[in-house]
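Undergrad: What follows is a single structure, and I will ask about it in a moment.
The values are calculated or read from the model by the stated rules, or taken from the named source; none is laboratory data. Bear in mind that the values here come from a model prediction, so they are computed numbers and not experimental data. No Cβ is skipped: glycine too gets one built from the backbone with ideal geometry, and neighbour counts run over all protein chains shown.
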Amino acid sequence: MSGDPQNDLSQLTAKVQEAHDKLTEQIGRIIIGQNEVVDQMLITLFCQGHAVLMGVPGLAKTLLVSTIARALSLDFSRIQFTPDLMPSDITGTEVIEEDRSTGRRELRFVRGPVFANVLLADEINRTPPKTQAALLEAMQEHQVTAGGDRHHLPEPFFVLATQNPIEQEGTYPLPEAQLDRFMFMINVQYPSEDEELEIVRRTTGRFDTGVDAVLDAQQVLDLQQLVRDVPVADHVIRYALRLVRTTRLGSEGLPEFIQRYLSWGAGPRASQFLILAGKARAILSARSHVDIEDIRAVAHPVLRHRLIVNFNAEADGIDSDHIIDQLLNEIAIDGTDPATQRQVDQVLR
């Protein structure tokens with residue numbers, strides 16, 4: 001190290017960029033397209049967060065998650081959530097075991113599938129709230145409690161939960177308070193025509209499914225700590241705060257579209273995640289500081305599941321992504337207060 005913290009950070013970010021390029025290359029050997037989705041998943045992982053994947057069936061979400069786990073040398077586990085799934089089915093349970101040498105019986109904890117580095121919670125809205133809560137507790141505390149004993153989950157620990165936006169019958173939608181614990185909600189879209197052509201070509205013939213490991217668990221943990229060290233200027237933090245605070249009803253000078261279409265806005269976690277995601281995006285781009293553009297780039301996955309639209313929005317076909325688009329156009333980058341700017345515009349007219 002040079003002794004100059006800023007120079008040291010710049011050198012480290014260059015290495016991170018190199019690792020990011022290698023990761024993208026390895027993942028691209030299996031996954032066609034979805035570059036933005038991959039980047040958002042990596043950002044979430046390096047921020048020690050969790051994410052919800054929204055997409056119709058057949059978009060290779062499971063393959064994508066398992067491929068990322070292989071490229072990072074992380075243990076991967078998948079749970080298919082069903083209405084009859086119990087909390088112990090995912091966290092583990094205690095069983096009575098007999099010691100053959102002594103004849104004594106004792107309880108032994110058998111770990112469930114949650115004990116992995118990367119956990120895919122497939123169709124999390126298919127299982128009842130009690131089982132959802134068990135997973136969310138593991139996400140928050142990084143541990144499982146059974147029989148009064150705490151069992152720590154392996155680090156790093158990263159949960160990707162999927163939801164099917166089409167079929168909602170017989171589901172148990174996650175409450176907003178529980179959704180708020182997920183850092184990102186990532187939309188997985190259909191591939192382009194050229195991408196789908198390549199997908200069909202590869203998956204209907206023989207092709208190499210091998211993925212070389214780029215990082216290991218310890219290096220991922222080091223990157224998670226490095227993200228925290230990236231400096232952020234106050235004007236960038238204030239921009240993130242303006243984005244979030246403008247969504248909260250009851251404040252003065254709110255834009256008309258916020259008052260008309262929102263029934264609930266984003267809480268403080270949104271501000272924290274905007275800054276953390278901005279740090280990770282900067283470092284993955286080989287920059288040692290966060291720009292406002294980094295905040296704008298992560299605004300949709302951070303905010304889309306935290307903005308609750310009302311009946312007016314549904315009637316007009318407006319969803320949270322439309323609201324975020326308008327927010328990004330409304331909130332001035334130069335720090336001007338939106339309410340003051342609207343008053344100035346009215347006078348100039």
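Undergrad: Just checking, does segment 185-193 include any residue being surrounded by fewer than 12 Cβ atoms within 10 Å (Cβ to Cβ), closer than 30 Å to His322 by Cα and free of Cβ contacts under 8 Å to residues at least 24 places away in the same chain?
TA: Taking segment 185-193 first, the residues surrounded by fewer than 12 Cβ atoms within 10 Å (Cβ to Cβ) are 192-193.
Subset that is closer than 30 Å to His322 by Cα: 192-193.
Pick out the ones that are also free of Cβ contacts under 8 Å to residues at least 24 places away in the same chain and you get 193.
Within segment 185-193, one or more residues are surrounded by fewer than 12 Cβ atoms within 10 Å (Cβ to Cβ), closer than 30 Å to His322 by Cα and free of Cβ contacts under 8 Å to residues at least 24 places away in the same chain.
Undergrad: Continuing with this model, one more query. Got a sec? Which of Arg126, Arg108, Arg150 is charged (D, E, K, R) and touching an Asp or Glu at 6+ places or on another chain (Cβ under 8 Å)? So that I can check it myself, show each step before the final result.
TA: Values: Arg126 fails: touching an Asp or Glu at 6+ places or on another chain (Cβ under 8 Å); Arg150 fails: touching an Asp or Glu at 6+ places or on another chain (Cβ under 8 Å).
Among Arg126, Arg108, Arg150, only Arg108 is charged (D, E, K, R) and touching an Asp or Glu at 6+ places or on another chain (Cβ under 8 Å).
Undergrad: On to the next question. Evaluate the following for Arg206: is it part of a loop (DSSP other than H, G, I, E, B), surrounded by fewer than 19 Cβ atoms within 10 Å (Cβ to Cβ) and free of Cβ contacts under 8 Å to residues at least 24 places away in the same chain? Full working, then the answer.
TA: Working: part of a loop (DSSP other than H, G, I, E, B): yes; surrounded by fewer than 19 Cβ atoms within 10 Å (Cβ to Cβ): yes; free of Cβ contacts under 8 Å to residues at least 24 places away in the same chain: yes.
It is true that Arg206 is part of a loop (DSSP other than H, G, I, E, B), surrounded by fewer than 19 Cβ atoms within 10 Å (Cβ to Cβ) and free of Cβ contacts under 8 Å to residues at least 24 places away in the same chain.
Undergrad: So how many residues does segment 224-255 have that are out of contact with any helix residue (DSSP H, G or I) (no Cβ under 9 Å at 6 or more places or on another chain) and assigned to a helix (DSSP H, G or I)?
TA: Looking only at that region, the number is 3.
Undergrad: Could you list, in sequence order, the residues of segment 139-150 that are at pLDDT 85 or above and either touching a Leu at 6+ places or on another chain (Cβ under 6 Å) or assigned to a strand (DSSP E or B) (or both)?
TA: Of everything in segment 139-150, those that are at pLDDT 85 or above and either touching a Leu at 6+ places or on another chain (Cβ under 6 Å) or assigned to a strand (DSSP E or B) (or both) turn out to be His142, Gln143, Val144.
Undergrad: Please tell me if Leu241 is of a type in the set (A, V, I, L, M, F, W, C), more than 27 Å from Ala121 (Cα to Cα) and either loosely packed, with under 13 Cβ neighbours inside 10 Å or in the same structural domain as Phe46 (by TED's automatic domain parsing) (or both). Can you show your working first?
TA: Details: of a type in the set (A, V, I, L, M, F, W, C): yes; more than 27 Å from Ala121 (Cα to Cα): yes; either loosely packed, with under 13 Cβ neighbours inside 10 Å or in the same structural domain as Phe46 (by TED's automatic domain parsing) (or both): no.
So Leu241 does not fit the description; no.
Undergrad: Just one of Asp319, Asp294 is surrounded by fewer than 16 Cβ atoms within 10 Å (Cβ to Cβ) and over 17 Å from Glu256 (Cβ atoms); which is it? I'd like the intermediate steps shown before the answer.
TA: Details: Asp294 fails: surrounded by fewer than 16 Cβ atoms within 10 Å (Cβ to Cβ).
Selected residue: Asp319, the only one of Asp319, Asp294 that is surrounded by fewer than 16 Cβ atoms within 10 Å (Cβ to Cβ) and over 17 Å from Glu256 (Cβ atoms).
Undergrad: Something else about it: Pairs, please: C-beta under 6 Å, at least 6 apart or cross-chain, first residue more than 8 Å from Pro156 (Cα to Cα) and in segment 212-224, second assigned to a loop (DSSP other than H, G, I, E, B)?
TA: Cβ pairs passing all conditions: Ala213/Ser73; Leu215/Leu72; Asp216/Ser73; Gln224/Gln48.
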